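> Shown below is the structure under consideration.
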Amino acid sequence: MKMNGQWRLLACALASCLALSAHSAEKSDAAGGAVGTDKTFRISGFATLGAVRTTSDEVEFVRDLSQARGAQKTWTAKTDSLLGVQADWQIDPQWQVTVQGLSRYRYDRSFRPEISWAFVKYQPSPNASLRAGRLGTDFFMQADSRWVGYSYLTVRPPGDYFWYLPFHTIDGGDVSINQPLGEAVLRSKLFYGLARGKVPLAAEQWSVSASPMLGGYLEYQRGPWTARMSYANIRFAHDLPLAQVLAAEAVPFPPAAARMLRLEGERSHYYALGMVYDQGPLQLQVMLNRIDQGTRALEDSSAAYVLAGYRLGEWTPYVGVSRVYSRRGAGGKGPLVAAVRADSHSDQTTQFVGARWDFARNLALKAQWDRVRGQPSSLFPYREEDRRRWDGKLDVFSLSLDLVF
């Protein structure tokens, strides 16, 4: 595999992270606490050096909707590689400030760093907290750590389940309450804010920024079992850039079609259930979601996945299966509306198997094979699809080195 500029840059970044990780561990051991000038200030981080290739050149495989291009038959580092740095300042027992920066492959085909978290937290009691600022969206279980590869078992969160979330952060606030119930704990969260992010669409970009978002969840934990029920909705502030995309292809965009495909002011709803078991060597995850789109431009969808892993010393082999299906809806809306809706259609099952090797402190090496089998009409969320040759079948091979420091 030839090392180009992209690989050299990522390798240098990873080497720096490894050096900082070792230095941080030494400093933490020596001080017996957080890294920094004193115990109230801490700098930490996470990184992933990933490599992925597929068995098809008919579509490009992406990690999520925010990526402009994806992987094909040639190994690439851009899909999964990322670097994050976080600073936490514990002002006193009640007040905390957190800022997190993240560099990952984005909608504009760059690794330009962005501020993913920037909030102030107030904790009036051990069981209640309020945050205000830039927050991560975590109403889907496991979504709050989707960038920290070291924190989860697989190379990446199952795409069939997480693909339909084009927004990763909001500017707003949330309130969390933890209620002890004997040997169990009931956690609840409510949040409100304006979503941030952009989604590539052909040569254009669809902005989900400034879209009001409201939601929350209830989570019950008892022993090794954790279950979560969540709901969120978003009212989109911007239409898809269909006029620009169609104009570039010299395709007429009549007013009637524009009205049917309107997103601005429309609301989408997200429902999810999740359950995790984690004790001893065994780890199990079961997740389900349903998304009701408030527009004819996007298809409603349902998704689920099951994951099982078993720890054997430093090694954790795992297997899983995920499924996503979106409904085409009634016809009679015209060929242009049907063609736009078809771009958001999914009908596929993914079987995946892999292994994680925790070979050193704060370091994990993973290998994974995804076997995707779907209908040729299953185009979402692949990039650069060749609709005449795509048969819905794809194998994805992934390697990743994850670390926290």
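None of the figures in this text is laboratory data; all of them are computed from the coordinates on show. From a predicted model like this one, the values you see are computed outputs, not experimental measurements. Neighbour counts run over all protein chains shown; Cβ positions are idealised from the backbone, glycine included.
> What is the calculated FRET efficiency for residue 214 to residue 177, with r their C-beta to C-beta distance and R₀ = 22 Å, to the nearest 0.05?
Using R0 = 22 Å, I get an efficiency of 0.80.
> Additional query: Between 182, 84, 45, where does the largest GNM mean-square fluctuation fall for the chain, given springs only between Cα atoms within less than 10 Å?
Largest GNM mean-square fluctuation: 182.
> Which residue, 130, 102, 282, has the most motion in a Gaussian network model of the chain that connects Cα atoms within less than 10 Å?
Maximum fluctuation in the GNM of the chain, among the listed residues, is at 282.
> Also: What is the sum of charges, Lys and Arg at +1 and Asp and Glu at -1, for the other residues whose Cβ falls under 15 Å from the Cβ of residue 131?
-1
> Starting from the amide H of residue 238, placed 1.01 Å from N in the peptide plane, find each other amide H under 5 Å away whose residue is 5 or more places distant or on another chain.
Distant-sequence amide H within range of residue 238: 265.
> A follow-up question, please. Taking Cα centroids, how far is region 315-366 from region 39-101 in Å?
So the separation of the two Cα centres works out to 19 Å.
> Next question. Taking only C-alpha pairs under 8 Å that are 6+ residues apart, what is the relative contact order of region 232-288 in percent?
It rounds to 38 percent for region 232-288.
> Taking the chain as a Gaussian network, where each spring joins two C-alpha atoms under 10 Å apart, which residue of 198, 121, 333 fluctuates the most?
333
> Oh, and also: Where does helix 5-31 land angle-wise versus the long Cα axis of the chain, in degrees 0 to 90, nearest 10?
30 degrees
> Something else about it: Efficiency by 1/(1 + (r/R0)^6): what FRET value for residue 253 and residue 57, r their Cβ-Cβ distance, R0 = 45 Å, to the nearest 0.05?
0.90
> How much mean residue ellipticity at 222 nm does the chain get from its helices, if each DSSP H run of length 4 or more adds -39500 (n - 2.57) and you divide by all residues, to the nearest 500 deg cm²/dmol?
That calculation yields -4000 deg cm²/dmol at 222 nm.
> Within region 41-76, which trypsin sites (Lys or Arg not before Pro) sit in a loop by DSSP and count at most 13 neighbouring Cβ atoms inside 10 Å?
Passing sites in region 41-76 are 73.
> Before anything else, pin down the relative contact order of the chain: Cα pairs under 8 Å, at least 6 apart, normalised by residue count, whole percent.
Rounded, it is 15 percent for the chain.
> Ordered by residue, what ³J(HN,Hα) values in Hz, to whole numbers, does region 380-394 give under the Karplus form 6.51 cos²θ - 1.76 cosθ + 1.60, where θ = phi - 60° and Gly and Pro are x?
Going residue by residue, I get 8, x, 4, 10, 6, 6, 9, 5, 6, 10, 5, 10, x, 10, 7 Hz, with x marking Gly and Pro.
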